[in-house]
Amino acid sequence: MSTKEKLVSRAVELFNENGIEYVGMRELAADLNMRVGNVTYYFPTKDDLVMEIISQLRDLNSKTIGPDCSSIIDFLSMYKQVFHNQYQYRCLLLSFVHLVSRHPLFAGNYFATEAKRREALRSHLASMVKNNYLSTSLIGDKVELVVSHITLISRFWLSEARISYVNWTTEQTIAHYLNLLSDILLPYATDEGKKQVDNFRKELGGDLPKTWK
């Protein structure tokens, strides 16, 4: 790893452990046994470092969220990977409100990306309707409601889990929120779509917390 890569990698670890707000450039430099000047050579400010980490998560999710999902299993499998990506960079989601309120550049980038994510969600839902996994009744305001519910879970699941499910494993936690996504789709699922939800839940069976068994 290059020095820059080591800085980013260790910063993510420290931010994940302690929170972005509570780790400064001096703490990062001390942890790596480096001078602060060596850190600021690559990242002049902490904001620059945070923006690099945000960029990494955004790129990772962009690779995960493809242009289309042909089935419910494809959709839920995609979100399973998205949740793993987010957990890898969980400091960003856990400090989401702080970052949006304190960093205009982050806020602007986030809302631009969020608009693209919502449009991708609409496309995924339309594809599942086209392939007869979701009902043709999923149109208009109903689509927007489903998109909003999925976006809400994706944005804040880690914050809720940190408070409510602290004793669960990562896999149990992710399985729980994938089940919530399934419940959002179920009212609109066709018979074939319901079979796909059942099959996906069976695959998750070993990871489900006891409350779901």
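We did not get these values from a lab; they are worked out from the coordinates using the rules stated. Predicted model only: the values in this text are computed from it and were never measured. Don't worry about glycine lacking a Cβ; one is built from the backbone with ideal geometry, like all the others, and counts go over all protein chains shown.
Observations
- Residue by residue, region 173-179 carries 3J(HN,Hα) couplings of 5, 5, 4, 4, 6, 5, 5 Hz when phi is fed to the Karplus relation 6.51 cos²θ - 1.76 cosθ + 1.60 (θ = phi - 60°); x denotes Gly or Pro.
- Calculated FRET efficiency for the pair GLU171/ASN131, C-beta based, R₀ 41 Å, to 0.05: 0.90
- At R0 = 45 Å, FRET efficiency that the Cβ-Cβ distance of ARG10 and ASP191 yields, to 0.05: 0.35
- Estimated vicinal HN-Hα couplings, Hz - region 33-49 in sequence order (Karplus 6.51, -1.76, 1.60; Gly, Pro = x): 6, 10, 7, 4, x, 5, 6, 6, 4, 8, 9, x, 9, 4, 4, 4, 5
- Long-range HN-HN contacts of LEU134 with modeled amide H, under 5 Å: VAL129, THR190
- Shown here: the chain, whose C-alpha atoms stretch 62, 36, 30 Å along the first, second and third principal axes, sorted largest to smallest.
- Burial order of peptide ranges 32-44, 5-17 (average beta-carbon count within 10 Å, highest first): 5-17, 32-44
- Debye-sum result for region 1-44 in log10 I(q)/I(0), which assumes one identical scatterer on each alpha carbon, at q = 0.19 Å⁻¹: -0.50
- Segments 172-181, 45-54 sorted - mean Cβ within 10 Å per residue, highest first: 172-181, 45-54
- Structure-based [θ]222 nm, the chain - -39500 (n - 2.57) summed over DSSP H runs of at least 4, per residue, nearest 500: -24000 deg cm²/dmol
- Spatial separation of Cα centroids for region 76-104 and region 37-64, in angstrom: 14 Å
- Hydrodynamic radius (Kirkwood) for region 86-126, which is based on Cα pairs only, to one decimal in Å: 11.4 Å
- Relative contact order of the chain, taken over Cα pairs closer than 8 Å and 6 or more residues apart, is 21 percent.
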